[in-house]
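Read-outs throughout are calculated quantities, based only on the coordinates presented, and are distinct from any laboratory measurement. Note that this is a predicted model, so its numbers are computed, not measured. Here the Cβ is made from the backbone with ideal geometry for all residues, glycine too, and neighbour counts use every protein chain on show.
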Amino acid sequence: MRLHLLALLAKGPAHGYELKQALEGLLGAAYPQPNIGQIYVTLGRLEKSGLIEGEDVTQENRPNKRIYRLTPAGRKAVAEWFEKPTDEPRVRDEFFMKLALASDSEVADQIALINQQRRHYLNTMRDLSKLAATEDRDNRLAQLLIEGAMLHLQADLDWLERCQEELE
């Protein structure tokens with residue numbers, strides 16, 4: 001969340017609720033909605049670490065609001081984040097650990113685990129299809145996020161088939 005907020009602040013100063021709205025508008029309902037409390041806690045940590053600075057702005061008939069802006073260190077941190085490739089191999093996969101451990105267990109059956117996981121993926125894919133149909137068609141980023149998730153699920157389903165073939 002911290003780098004996401006820094007990236008949003010690279011566009012210009014904003015307060016916490018504006019950042020929440022920007023995240024929600026950027027990716028639509030396909031992305032888990034950020035918790036406003038988590039945003040403010042993260043902003044506080046970013047400020048303490050010197051990546052952003054906040055300024056209280058007085059409002060008439062309303063409580064003051066705190067506007068945040070990037071510091072040079074914050075701009076450097078977000079630039080480094082954008083430059084670094086995302087490396088997330090799925091080697092530490094909880095389902096695979098269940099599958100591997102079930103082979104020597106009298107508690108679980110590997111094929112039953114595969115079938116259960118397959119049903120879960122298919123239900124998730126159906127939910128994503130519904131979401132894609134209801135999501136704003138003009139929000140291309142949200143549509144791409146949904147499409148990417150569905151492609152990952154299809155790859156996972158193909159991999160489950162491969163596991164089942166190997167284990168039967």
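Just a few scattered comments:
- Search result, residues across region 1-27 that are assigned to a loop (DSSP other than H, G, I, E, B) and either of a type in the set (Gly, Ala, Ser) or over 15 Å from the mean Cα position of the chain (by Cα) (or both): Ala10, Lys11, Gly12, Pro13, His15
- For region 135-142, the condition holds for at least one residue, the condition being that it is without any contact (Cβ under 8 Å) to a residue 12 or more places away in the chain and of a type in the set (Lys, Arg).
- Selection status of Arg45, basic (Lys, Arg) and under 21 Å from the mean Cα position of the chain (by Cα): yes
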